[in-house]
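The values are calculated or read from the model by the stated rules, or taken from the named source; none is laboratory data. Model, not experiment: these values are computed from the prediction. No Cβ is skipped: glycine too gets one built from the backbone with ideal geometry, and neighbour counts run over all protein chains shown. Surface accessibility is based on the protein's heavy atoms, side chains included, excluding ligands, DNA and RNA. Shrake-Rupley method; radii C 1.70, N 1.55, O 1.52, S 1.80 Å.
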Amino acid sequence: MFAGLRAKFERHPMVALHLITHTVHERDRAWFDGCKLTHLHAVPGGPYELTRAILLLMVMGQCAWWFAPLPVLLVVGLIFWIRSITRRRRAGVDPASLLRSWCRFIVVRATLWSIVNGTALVLTPEERLVPMVILILAANAMDIFGQFTQPVTGLVSSWIATIGMTVALMLRPEVATTPTVILMVLQMASAHARIFNLHYMFATRRLRTRELKTANDMIELLLRQYSEHGSDCLVETDATGVIVDPSDRLARLCGVDLDDLCGRKLVSLFEPSSGRDTLRKAAHRLQAFHDLALSREVDGKTRWLAVSGCPLFDAQGRHYGFRGFLRDVTDRHEAETKVLFLAQHDPLTRLANRTEFHDQLAARLMEQRGPIAVLFVDLDRFKLINDSMGHAAGDQVLEAVARRLSARAGLHDVVARLGGDEFALMLGRVRSAEAAMALARRIVDDLGQPVEAEGRTIHIGASVGVALSPDHADNADELLRAADMALYEAKSAGRGMASLYHPDMKRVLMEQRALELELRAALANGEFELHYQPLHQLSTDSIAGFEALLRWRHPERGTIAPGSFIGIAEQSGLIVQIGEWVLREAMAEAATWEGNLTVAVNVSAVQMRDGDLLRQVISALSATGLDPRRLELEITETVLMQDQEACLALLHRLRALGVRIALDDFGTGYSSLNYLRSFPFDKIKIDRCFIEDLCNGGESGAIVESVLDLAARLNMQTIAEGVEDEAQLHALRARGCEQVQGYWISKAMPADELPVVRTARAAVPVPALRQATGG
Ligand SMILES: Nc1nc2c(ncn2[C@@H]2O[C@@H]3COP(=O)(O)O[C@H]4[C@@H](O)[C@H](n5cnc6c(=O)[nH]c(N)nc65)O[C@@H]4COP(=O)(O)O[C@H]3[C@H]2O)c(=O)[nH]1
């Protein structure tokens, strides 16, 4: 197609000119005409021709009368020249560049033509001077005329001048001198150069225009197809942002009548939002915008539209509007919002999750607008509720807690569920530590109120730890740690408390960390040892077994009781390794004892939860060869408060091995009797606190009696711990307690101090034992 066009155009440059004029968009017509003019006058005619005429006058001063028509020509030339300048200015041609091009051509062409014409005139013999001058002037006149009119006319004028000169020379055959021939050749060359120049220019322009038009047609076709068959909707605005030629499709998408769209600004279609501000700014700065999600209400529902567009400029670089498209992305937006919500929130309570809480806290701290408080809230009896009443009740409790906390939160506050039964509150605008503590106490009170769940009234409670920035920390991690430490103290101080962080807590924590490191080293260095405390059988007044109690022989601090380090070992998880060592050591020691003496080993809740206990017991039994029936594992109620099902399953499997299970510290927990129902323990150990008061006439006596009675009925063995005097021993014996343990019998002693036990097969009377152990 283009080859044909080109060929046609090469034959008919004027046709090309015509076509160019008609293929330019109306909007760009003025600019194009201006450009055409500028390009065609790239060889500025007026000034050059005038200069040439003046130089000719100077050279040929002696025949000035021949130049009578020159002033007329000058005036005409001047008029055309001024008109040309005005048009060029209007067409937006840079005046500085015009001046530069004029100067360049005036100098080059005027010099050249002055030399050529002047040489011709000087060298032409007297008798041929007149026609020569006429010819040159005629050529000049036509040239001048041609320069200021249409380029094709200019071309023709050059041809006429050349032909005229040729004819004149043919009429005067005596003129055949070399300079005349050179003049003629130059004149013709000039004309041909012009033809070539114009031809080339029009051809290029024509081709570019055609290509552009084809591309535009194609784009328009694609856009129309896209608009008709795609899910997107084309939209165009004018320079002021008013929608131009709105389509039905756009009206349907926006849920308005087509008429309502006419004359309406695009921005006004959307609800106020940061996205709409971005769109407004982009339009103002004439910038493209991409996939801005903007909302608008359609038929009572929020619909999300993704808007993309780019600014439009005409040929002169003037902005005349925006073109782009709108796409309904409601489904996508809702899905994204949901995913984002789930990533940032707890699905049950719909509160912020830990990550979101941390991020929001960090962001607020960056803003640094006054103090910010963090309140860590921990439910006191949640695990118990969850295990005993089921997860549905547990969920309802958590939801109720979330509601109560949210009710206490203000506009600048954030409530989060950090996981399990841990909640947190960020107070974005808190006046002082006192104000934060006052709120913390109100929260403790709120959460102290009973909750209705699964048709039952449940009593929960909460402890709260409070920390403030910038007093306690100035970054999110430190502040959360400080609040956590404060919570730890609140829980240690007794449940249902609120504590404010103070720097001493950090010191305590540092000490705990140091202790943890020391514990690890102690395990590796073999600094642990076991002491054994006898379990005395009252019916036979003999030793039935021993409880293995852990001791840490610290190289500098001497022997350390487990109360100082078991908690840290549990927190750090180190208790799992330590517990395994205890099991092996105690069973290995018990295996050396004669008879059926049992060994009782304490098992912590962390060991039960860890999931490795069964393997550890089996491995220790096979390694030591101890009869499983001689091993007694002591667990506390807290063990059963965590995942009860898994815990009971583990206990049953241990029991299936033949190992005996004892319930330690009985009576100190919340629902000891419930636990007795849940698992058939082999033994119940009555806590020391009841034995202490046993002989003081308090209610401990009655409690001990009912426990002993219950155990007898459930066919469970009983042991009382913490027996420190004879009266307690007698009282227990009188009430039918089967075993006792305590300082009155013997303190715990190292394994190598137990010879009396090893030799005592049947019975070791209490006095003998006390004598032997120095108790
Ligand atoms: N006031 C008084 N106290 C008496 C009397 N008779 C015994 N005791 C102490 O009472 C504690 C009995 O152990 P527990 O209740 O299991 O309580 C133990 C047990 O919960 C834990 N524990 C000890 N060894 C281990 C172990 O190997 N593993 C685990 N997980 N915990 C252990 O540490 C706790 C404390 O152990 P100990 O300091 O050895 O303290 C022992 C024992 O020395 C008495 O007549 N009066």
*Report the paramagnetic label zone for R735: residues of the range 525-546 whose backbone N is under 18 Å from a point 7 Å from Cα along the Cα-to-Cβ axis.*
536-539
*asked:* 5 Å is the cut-off here: which amide hydrogens, built 1.01 Å from N in the peptide plane, fall below it relative to L418, excluding neighbours closer than 5 in sequence?
replied: F423, A424
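Rank these by accessible area, largest first, 1.4 Å probe: R557, R629, R205. Don't jump to the answer; show the numbers that get you there.
Numbers: R557 135, R629 160, R205 55 Å².
Final ranking, largest accessible area leading: R629, R557, R205.
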*Working out 0.36 nm times the residue gap between L648 and R441, then minus their Cα-Cα distance, what length gain in nm do you get to one decimal?*
70.8 nm
_Given axes a ≥ b ≥ c from the Cα gyration tensor, I'd like to know whether the range 388-525 is rounded (a/c under 1.5), prolate (a/b larger than b/c) or oblate._
oblate
*Under a point spin-label approximation (7 Å from Cα along Cα-to-Cβ), what is the A561-E529 distance to one decimal in nm?*
1.8 nm
_Solvent exposure ordering (accessible area, 1.4 Å, most first) of S268, S622_ = S622, S268
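For every other residue with a beta carbon closer than 11 angstrom to the beta carbon of M505, add +1 if it is Lys or Arg and -1 if Asp or Glu, then tell me the sum.
Net local charge, M505 excluded: -1.
Report the FRET efficiency, 1/(1 + (r/R0)^6), for W581 and A656, where r is their Cβ-Cβ distance and R0 is 25 Å, rounded to 0.05.
E(calc), rounded to 0.05, equals 0.55.
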*Farthest positive-ward along the range 345-501 dipole, Cα basis, beta-carbon charges - from A352, L418, A407*: A407
*asked:* Among 396-409, 311-324, how do they line up by average Cβ neighbours within 10 Å per residue, starting with the highest?
replied: 396-409, 311-324
_Sequence-distant residues sharing a close amide H with F270 (under 5 Å, placed H)_ = none
*Can you figure out the FRET efficiency of V267 with T355, using R₀ = 51 Å and their beta-carbon distance, to the nearest 0.05?*
0.90
*Alpha-carbon Debye profile of the range 602-653, log10 I(q)/I(0) at 0.23, 0.30 Å⁻¹*: -0.90, -1.28
*Rounded to whole Å and sorted largest first, list the principal axis extents of the Cα atoms in the range 317-390.*
74, 38, 12
*Using θ = phi - 60° and the Karplus form 6.51 cos²θ - 1.76 cosθ + 1.60, what ³J(HN,Hα) does each residue of the range 519-524 get, whole Hz, x for Gly and Pro?*
4, 4, 5, 4, 5, 5
*Does the range 513-773 come out rounded, prolate or oblate, given a ≥ b ≥ c as the square roots of the eigenvalues of its C-alpha gyration tensor, rounded meaning a/c under 1.5 and, failing that, prolate meaning a/b above b/c?*
rounded
_Linear extension gain, K338 paired with R369, 0.36 nm per residue minus alpha-carbon span_ = 8.1 nm
*asked:* Please list, ordered by chain and number, the residues whose modelled amide H lies under 5 Å from the amide H of I543; skip anything fewer than 5 residues away on the same chain.
replied: Q537, V764
*log10 I(q)/I(0), Debye, Cα-only the range 327-459, no solvent, q = 0.09 Å⁻¹?*
-0.31
*Which semi-axes, in whole Å and largest first, does the equivalent ellipsoid of the range 570-609 have when worked out from the alpha carbon gyration tensor as the square roots of 5 times its eigenvalues?*
24, 10, 5
*In sequence order, what are the phi-derived ³J(HN,Hα) couplings for the range 537-553 according to the Karplus relation 6.51 cos²θ - 1.76 cosθ + 1.60 with θ = phi - 60°, rounded to whole Hz, with x for glycine and proline?*
8, 6, 5, 10, 6, 9, 7, 9, x, 9, 9, 7, 10, 7, 9, 10, 8
*Residues R507 and E399, FRET efficiency given R0 of 25 Å [Cβ-Cβ distance, rounded to 0.05]*: 0.05
*How large is ³J(HN,Hα), in whole Hz, for each residue of the range 610-615 in order, when computed from phi with the Karplus curve 6.51 cos²θ - 1.76 cosθ + 1.60 and θ = phi - 60°, using x for Gly and Pro?*
4, x, 9, 4, 4, 4
*So what does R83 come to for accessible area, using a 1.4 Å probe and Å² rounded to 10?*
120 Å²
